[in-house]
Structure formats: C-alpha cells, structure tokens
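Some notes on the structure that comes next.
The values are calculated or read from the model by the stated rules, or taken from the named source; none is laboratory data. Since this is a predicted model, take the numbers as computed values, not measurements. Cβ coordinates were reconstructed from backbone atoms using ideal geometry, including for glycine residues, and neighbour counts include every protein chain displayed. Calculation scope for accessible area: heavy atoms of the full protein, side chains included, ligands and nucleic acids excluded. Shrake-Rupley method; radii C 1.70, N 1.55, O 1.52, S 1.80 Å.
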Amino acid sequence: MARRKPAELVNGSAETAAERGAPTSFLEVRDLKIHFPTDDGLVKSVDGLSFSLERGRTLGIVGESGSGKSVTSLGLLGLHNRRNANVSGEIWLDGAELVGASPGQVRRLRGRKMAMIFQDPLSAMHPFYTVGNQIVEAYRVHNDVSKQVARKHAIDMLGRVGIPKPDKRVDDYPHQFSGGMRQRAMIAMALSCDPELLIADEPTTALDVTVQAQILDLIRDLQQEFNSAIIMITHDLGVVAELSDDILVMYAGRCAEYASVQDAFHRPLHPYTWGLLGSMPRLDRERTERLMPIKGTPPSLINVPEGCAFNPRCAYCDLTGGKSTTERPELLEVEPGHKAACHLPLDKRREIWDSEIRPKL
Ligand SMILES: Nc1ncnc2c1ncn2[C@@H]1O[C@H](COP(=O)(O)OP(=O)(O)OP(=O)(O)O)[C@@H](O)[C@H]1O
Ligand code: SF4
Ligand SMILES: [Mg+2]
C-alpha cells in the first residue's frame, strides 16, 4: 500500500499553517481544552493539554478512569458535538489546524489521515452490516474504487490482521466474531485507509493476555510498515513500556508529567506518576504481586481542587509550604525533554524517588 503524500486540508475559513505559525511536528496539540456545560456545572474534561508527535513514533497516554483520555482522543478526531462541547486550543495535523476547521474538513481527514481503534469494537461497528461491508464502506469514502476492488482490499486487510479464512469471514456479522477477532477487524477497518495518525483507545483491555500481546505486535508491525504516528491510550503501563516512545500522564484533564518512556519509568518526577507505577497492573509483573493503590479517588471534573488537583491524595502536599493547595503548578521542563507539574523542589523529588519510591516498586 502506498503511503499518501501529505494532503492539503485547509481551504475555506480555517487559517493556513503559514498564517498562524505552523509547528514543525506532524501532530502538535496546543493548550487543548474540552469543556462540557451541564446542569450540574462546567465539566472540564480536558483543561489545557499540549503535546506533539512525529510520524513513526508512539505516544502513550495514561491516567486513571475519568482523567480525560477518551475525551482527548475524540477531540483529536473532531468527534465532539460542538453544540454541547466547548473546544478551544489548537490541533495541528501535518500543517493543518483542526480546531478552527469546519466539520466537513475534519471529516475528510478521518479515515484518510487519521483513524481510531475504540475500546469497545461492538460500539464502533454496526451490528446489521457484515464486517466486510463496513471495511468496504470506510475504504470507499476516501478511495474512488469499485466495490469489487474494495472487497478484495477488505479481505486482504482481514488477512493482514490475522483473521483466518478472510475470504469467508468477510461476510460474517460482528456478533459472529469472537472478542479478539472483532478487535482485529476494527484494527483492519481503522488501518484500511492507511492512516498517518492512529489513535488506539484501550485497544486490548477487553482481551485475554495472549490475544493482547498479538494485537500489540500487530499494531507495532503495521506502524513499522506504514510509519504511522500512534497515540496509545491505556491503563496498562506495561503496554506503554513496550510500545511507546513517550508518555503523557494525565490527571483531572491536565498533564501531570510528560517524558520519554525511559525517563518516566526510571526517574519519574511527579508524585502521581509514582502512584501509578505502584498501583497499575503491568504486563511485566505477576498479577499476584501486591499492588499499592493510590489512596482516594480522582476528583470530579466540575469541582477540581484548588491548587494542584492531586493535593487531596498526595503524601507530599505538606512539603510545599501551602502552595499545593493554593497555586496550580505549571507544567515545567525539569530536565531536557522531561516535563512535570509539581511544586516540590526538584532535588526533593529526586530524593524521594530514590530513597522511598523506587525501592518499593
Ligand atoms: N459528553 C460529556 N458530557 C459531560 N461530561 C463528559 C462528557 N464526556 C465525558 N465527560 C466526562 O469527562 C471526564 C473524562 O472522561 P473520559 O471518558 O475522557 O475519561 P477516561 O480517562 O477516558 O476514562 P476511562 O479510563 O474510564 O476510559 C469524565 O468525568 C466524564 O464523565
Ligand atoms: S504540587 Fe503538591 S500536591 Fe501536587 S503533586 Fe506536587 S507535592 Fe503533590
Ligand atoms: Mg476512556
């Protein structure tokens, strides 16, 4: 399959890259905010997120349930209904800005330049159409080919993702596939248009460990072949360690720490990341080993605590002279390419990591 040349998105009302000072990265997200006005108040699901990603690289986004991971990924794909979501900031994809682009412009990019593997394949697939037909339709939206050619492509893709007898299974309905096969079929659907940006939201959570490993291998192989940029959203730090180059730790709609996987695992500099490392299930750790859960629960995104959102749960809150409960910590570059948002002096954080946390992991 030939890689498509970078396509022009911006025509019409959206400003061009040159007018706004385009970033050089393939994907660059700047101060993204996604807020939902509700009867109970404003839900700040994503509240000032910035990151970038190059082709051929993988960014892992981790965080507890409700931290804003899925809202972020849907936002990147332009899938929030602007009638009930306030979206601001900038999303630059290959030189085109998407937040200010029209829904039609963003829709044209979905499937052609970017695609998503959803957490639950059943919710992403239509129950009344065969798996093959769904791949055919997705392919034909962006490729001017006959049904026969698209069907051949669908069979080819199903074979590529490891569906046995793809020429027969292409005519099955989603419910005739097992969970693992459905996930593979969704990956085939997402990859059928050779997307340059693939967002995988918990792509393996519902699957058993063996199938999980196969799916991750598959994603990695396809990335190598197509040089796609991947955003991998997961609860599982083992998946991040295996697959990602960089990691973004989300807490209450914001970034707590952003670093290379190497740095995030070997010298994390945010108390929340320490908590995640201690509490999250990992592929490289026996399931029977004792986990150390982070005390308390994530805050409501309507009433995020003053100061650092993590302060009610942080064991080091009292060491910042009151700042943790009054001032929101900025995300600062603490080492080259390593950012963290915490008021604790850097030396103190290094000391705590070395003497208290690392020995327990
Ligand atoms: N349409 C909406 N209206 C109001 N609140 C919303 C809406 N969509 C999401 N939220 C809220 O935004 C927050 C973040 O949700 P999101 O689905 O992004 O979490 P997540 O990090 O993906 O969690 P999980 O790990 O459980 O998938 C949640 O509190 C959720 O209730
Ligand atoms: S700013 Fe304070 S509460 Fe937040 S993580 Fe750092 S020490 Fe903990
Ligand atoms: Mg989610």
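THR325 exposes around 70 Å² of accessible area when a 1.4 Å probe is run over every protein chain in place. Sorting the segments 186-199, 235-248 by their residues' average number of neighbouring beta-carbon atoms within 10 angstrom, most packed first, yields 186-199, 235-248.
Return P(r) of region 121-194 (all Cα-Cα pairs; 10 Å bins starting at 0; whole %; ordered from short to long distances). It works out to 23, 60, 16, 0, in whole percents. Each residue, SER260 and ARG350, gets one label point 7 Å from its Cα in the Cβ direction; the gap between the two is 1.7 nm.
Measure up LYS113/LYS295; LYS295/LYS323; LYS44/LYS360; LYS33/LYS113; LYS44/LYS323; LYS69/LYS165 against 29 Å on the Cα-Cα distance and list the ones that go over. With Cα atoms farther than 29 Å apart: LYS113/LYS295; LYS44/LYS360; LYS69/LYS165. Distance between the 7 Å Cα→Cβ label points at ASP40 and ARG358: 4.1 nm.
In the context of the full set of protein chains, residues of region 121-194 present 49 Å² of accessible surface per residue (probe radius 1.4 Å, heavy atoms only).
Sorting the segments 223-233, 336-346 by their mean number of nearby beta carbons within 10 angstrom, highest to lowest, gives 223-233, 336-346. Under 14 Å between alpha carbons, and skipping anything fewer than 8 positions from LYS168 in its own chain: which aspartates and glutamates qualify? Cross-link targets: ASP156.
On the protein heavy atoms, probe 1.4 angstrom, tell me the percent of accessible surface of the chain carried by carbon and sulfur. The C+S portion of the solvent-accessible surface of the chain is 49 percent. In the complete set of protein chains, residue-level accessible area for LYS348 is approximately 70 Å², probe 1.4 angstrom. Surface listing: ARG220, ARG82 arranged by accessible area from highest to lowest gives ARG82, ARG220, probe 1.4 Å. Extent along the principal axes, Cα only, for the chain: 69, 52, 42 Å, with the longest axis given first. If you plug the beta carbon distance of SER146 and SER300 into 1/(1 + (r/R0)^6) with R0 = 41 Å, you get a FRET efficiency near 0.20. Sorting VAL249, VAL141 by accessible area puts them as VAL141, VAL249; the probe is 1.4 Å, largest comes first, and only protein heavy atoms count.
Please give the solvent-accessible surface of TYR129 in Å², to the nearest 10, using a probe radius of 1.4 Å with every protein chain present. That residue has around 120 Å² of solvent-accessible surface.
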